[in-house]
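The values are calculated or read from the model by the stated rules, or taken from the named source; none is laboratory data. None of these values were measured; they are calculated from a predicted model. Every residue, glycine as well, gets a Cβ built from its backbone with ideal geometry; the counts of neighbours run over all protein chains shown.
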Amino acid sequence: MTTDVRALANVACALLLAACGPIATSGPGCTTELQPTALPDEVRESSGVAVSLRHPGLFWTHGDAGRILLGVARDGTQVARFRMDTRLRDWEDIALSTCGDGGSCLYLADMGDNYEERPYGVIHRLPEPDPDASVDLTTERFPVRLPDGPRDVETLLVLPGERVLVVTKGRNHPVTVYRYPGGLRPDTVTLEEVQRLTDGPRFLPRQVTGGAVSPRGGTVALRTYESAQFYTVQGDTLAAMDGGLVNLRPLREAQGEGLGLGLDGLVALTSEAGPAGGSGSVALLRCRLEGL
């Protein structure tokens, strides 16, 4: 989000929070492993997070624009910094999954669109880098557009087999899931709608700001500014888990944005600093979920 939009968003969150009703306390047995902890200044607008499987204890995160990818440790300290060959305009999420050749890849969603005016967005792909390397990163570029016109998209999901889903924020329209048809390719591809998760737009605190797929591919989590919901994957659609709603309000994130899933129920959450200043943050939960 831009600063002025973010400021308005936080004011609206405060005004609307009470009207949104109660949220389940801990969802599927979730406990806090790390309270929100400051991230480096370079990602004070952390918009997404992915949990590395190749490098245990490493989390990939980024700002909401630019070309810098950071690797951070559990305590938020920087352990890797990479510059990419492409500058992303409104970089709202990052995902990690198995590449087509069996390696580990990062997928970057340049699909943010606060004013819903961009004719297309771009998904980027690159092999997950070695955090000890000192190289610039080259990405592959896959332009996409939505069948019903521009929407603000802040969530990228990559299922095993490089099945790509994106989820809209729910700013002015229903929260909607779209899939990328077939394998990724360099021409502009129109995504296909597969599911609507709401009947209409959502109040600001419950707009979808990030999400992730579990390492084994059977579970998806979507987050808002105030909660996270776990789903089971049924083909290209999502089924909400009973008791799968997690209250994130006790974390007191300034502006919750990113969510990543790791092994053994690890849930990483990142937040932007918000209009009051300060730092972006990372927090960790541990949830009891079969197949996560």
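When R196 is tested against (1) exposed (fewer than 15 other Cβ atoms within 10 Å of the Cβ); (2) in contact (Cβ under 8 Å) with a residue 40 or more places away in the chain; (3) of a type in the set (K, R), exactly one condition is not met: (2). Residues in segment 93-127 that are crowded, with 19+ Cβ neighbours inside 10 Å, farther than 13 Å from S47 by Cβ and β-branched (V, I, T): V122, I123.
Within segment 150-193, being in contact (Cβ under 8 Å) with a residue 40 or more places away in the chain and of a type in the set (D, E, K, R) holds for D152, E154, E162, R163, K169, R171, R179, R185, D187, E192, E193.
In segment 253-266, of all residues being of a type in the set (A, V, I, L, M) and closer than 22 Å to L159 by Cα, the one that is surrounded by the fewest Cβ atoms within 10 Å (Cβ to Cβ) corresponds to L263. The condition of being at pLDDT below 95, under 17 Å from F142 (Cα atoms) and in contact with an Asp or Glu (Cβ under 7 Å, 6 or more places away or on another chain) holds for only one of G100, G112, that being G100.
All conditions in (1) crowded, with 20+ Cβ neighbours inside 10 Å; (2) charged (D, E, K, R); (3) touching an Asp or Glu at 6+ places or on another chain (Cβ under 8 Å) hold for R163, with the sole exception of (1). The condition (being among the β-branched types (V, I, T), in contact with a Pro (Cβ under 6 Å, 6 or more places away or on another chain) and assigned to a strand (DSSP E or B)) is satisfied by just one residue among V167, V122, V177: V122. Quick check: is even one residue across segment 233-252 surrounded by 19 or more Cβ atoms within 10 Å (Cβ to Cβ) and in contact with a helix residue (DSSP H, G or I) (Cβ under 9 Å, 6 or more places away or on another chain)? There is no residue in segment 233-252 that is surrounded by 19 or more Cβ atoms within 10 Å (Cβ to Cβ) and in contact with a helix residue (DSSP H, G or I) (Cβ under 9 Å, 6 or more places away or on another chain).
Can you give me the number of residues within segment 229-244 that are in a strand (DSSP E or B) and more than 16 Å from R216 (Cβ to Cβ)? Selection size over segment 229-244: 7. A search for C-beta distances below 8 Å between a residue of segment 104-122 that is more than 14 Å from G66 (Cα to Cα) and any residue that is among the hydroxyl-bearing types (S, T, Y) and part of a loop (DSSP other than H, G, I, E, B), counting only pairs 6+ apart in sequence or on different chains, returns S104/S52; N114/T2; Y120/T188. Counting only residues that are out of contact with any strand residue (DSSP E or B) (no Cβ under 6 Å at 6 or more places or on another chain) and surrounded by 15 or more Cβ atoms within 10 Å (Cβ to Cβ), segment 43-64 holds 4 of them. Considering segment 234-272, and only residues there that are touching a residue at least 24 places away in the same chain (Cβ under 8 Å) and of a type in the set (D, E, K, R), the residue that is nearest to E42 (Cα to Cα) turns out to be E272. In segment 281-292, the residue that is farthest from T224 (Cα to Cα) out of those that are modelled with pLDDT of 95 or more and in contact with a Pro (Cβ under 8 Å, 6 or more places away or on another chain) is C287.
Restricting attention to segment 88-119, the residues that are of a type in the set (A, V, I, L, M, F, W, C), within 17 Å of the chain's Cα centre (by Cα) and not in a strand (DSSP E or B) total 1. For segment 197-228, residues that are within 14 Å of the chain's Cα centre (by Cα), in a strand (DSSP E or B) and either more than 13 Å from L157 (Cβ to Cβ) or of a type in the set (S, T, Y) (or both) total 4.
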